[in-house]
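Take a look at the structure set out below.
The values are calculated or read from the model by the stated rules, or taken from the named source; none is laboratory data. Keep in mind the model is a prediction, meaning the values are calculated, not measured. For neighbour counting, all protein chains shown are included, and Cβ atoms are generated from backbone atoms with ideal geometry for every residue, glycine included. The area values use the complete protein model at the heavy-atom level, side chains included, leaving out ligands, DNA and RNA. Shrake-Rupley method; radii C 1.70, N 1.55, O 1.52, S 1.80 Å.
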Amino acid sequence: MFPNFLGKMEFHLEFFQSYILEYSYLTAEPKENFALYRWSTVLYKIFFEIKYLDKLTLDIISPTPTFSSKEKKNGQLYLVKLTPRLDLFSSLVRDNKLQDFYFFIKHNLNRRSGLVIPVMEGWVPLCGPRLIKEGMNVFTRFGDLSPEQLLMLFNQFSSWPEYEESIFQLSMKKFHMRRASGPFDEDENF
């Protein structure tokens, strides 16, 4: 374990202007950029604090690396800081269910237009009234929910008594077994 005086680890990423779409994926919002809002967006926003720092020119890099003609032409870098959330394991994803959360997000945001209540009722029959009490309606799509709302939904779902015996558990186990057995297309429908 590292001493506390070292502080939080931070990652500094540089995006070429031609790759600014990658930054857009990191920071997309469900209501503003539905087309860019992905499962990876949700995970980045839950796991990290993301902050845009500055726009830089290529001449600040020393020693000067070799750039492609496309990168030289654009000539700009966007500097972004990612800081891991300290409370990720203690309070964000409860009861050490990080792998469950990963599968929940990956599965449900694979098709962002999937309706929350029908999907959840596929896993835990008759849970719709519980979700309606929490502000969902029959037209709420997974892609409409913010990362915080998705985290809250997962934490509620994983606390239900039916959770451990739900079809979700079987689907998740199959997913992890396929990942462990070798490469497969992670974006395929499961």
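Would you please name the residue that is modelled with the highest pLDDT, looking only at residues in the range 81-108 that are among the basic types (Lys, Arg) and open to solvent by 40 Å² or more (accessible area, probe 1.4 Å)?
Looking only at the range 81-108, we keep the residues that are among the basic types (Lys, Arg), and these are 81, 85, 94, 97, 106.
From what's left, open to solvent by 40 Å² or more (accessible area, probe 1.4 Å): 81, 85, 94.
Working: LYS81: 89, ARG85: 82, ARG94: 68.
Taking the candidates together, the pick is LYS81.
Filter the range 53-80 down to the residues that are farther than 16 Å from LEU13 by Cβ, at pLDDT 65 or above and open to solvent by 40 Å² or more (accessible area, probe 1.4 Å) and list them by number.
THR57, ASP59
With the requirement that a residue be in contact with a Cys (Cβ under 9 Å, 6 or more places away or on another chain) and open to solvent by 50 Å² or more (accessible area, probe 1.4 Å), what does the range 148-182 give you? Walk me through it before giving the result.
Of all residues in the range 148-182, those in contact with a Cys (Cβ under 9 Å, 6 or more places away or on another chain) come to 157, 160, 162.
Within the range 148-182, GLU162 is the sole residue that qualifies.
With more than 15 Å from ARG141 (Cα to Cα), of a type in the set (A, V, I, L, M), at pLDDT 80 or above and not in a strand (DSSP E or B) as the only criterion, which of ILE46, ILE50 stands out? Give the derivation first.
Numbers: ILE50 fails: not in a strand (DSSP E or B).
Result of the check over ILE46, ILE50: ILE46.
Could you give me the residue pairs with C-beta distances under 8 Å whose first residue belongs to the range 102-123 and is touching a residue at least 12 places away in the same chain (Cβ under 8 Å) and over 21 Å from GLU162 (Cβ atoms), whose second residue is of a type in the set (D, E, K, R) and surrounded by 15 or more Cβ atoms within 10 Å (Cβ to Cβ) wherever it lies, and which are 6+ apart or on separate chains?
What qualifies is LEU109/ARG38; ARG112/ARG38; ARG112/ARG141; SER113/ARG141.
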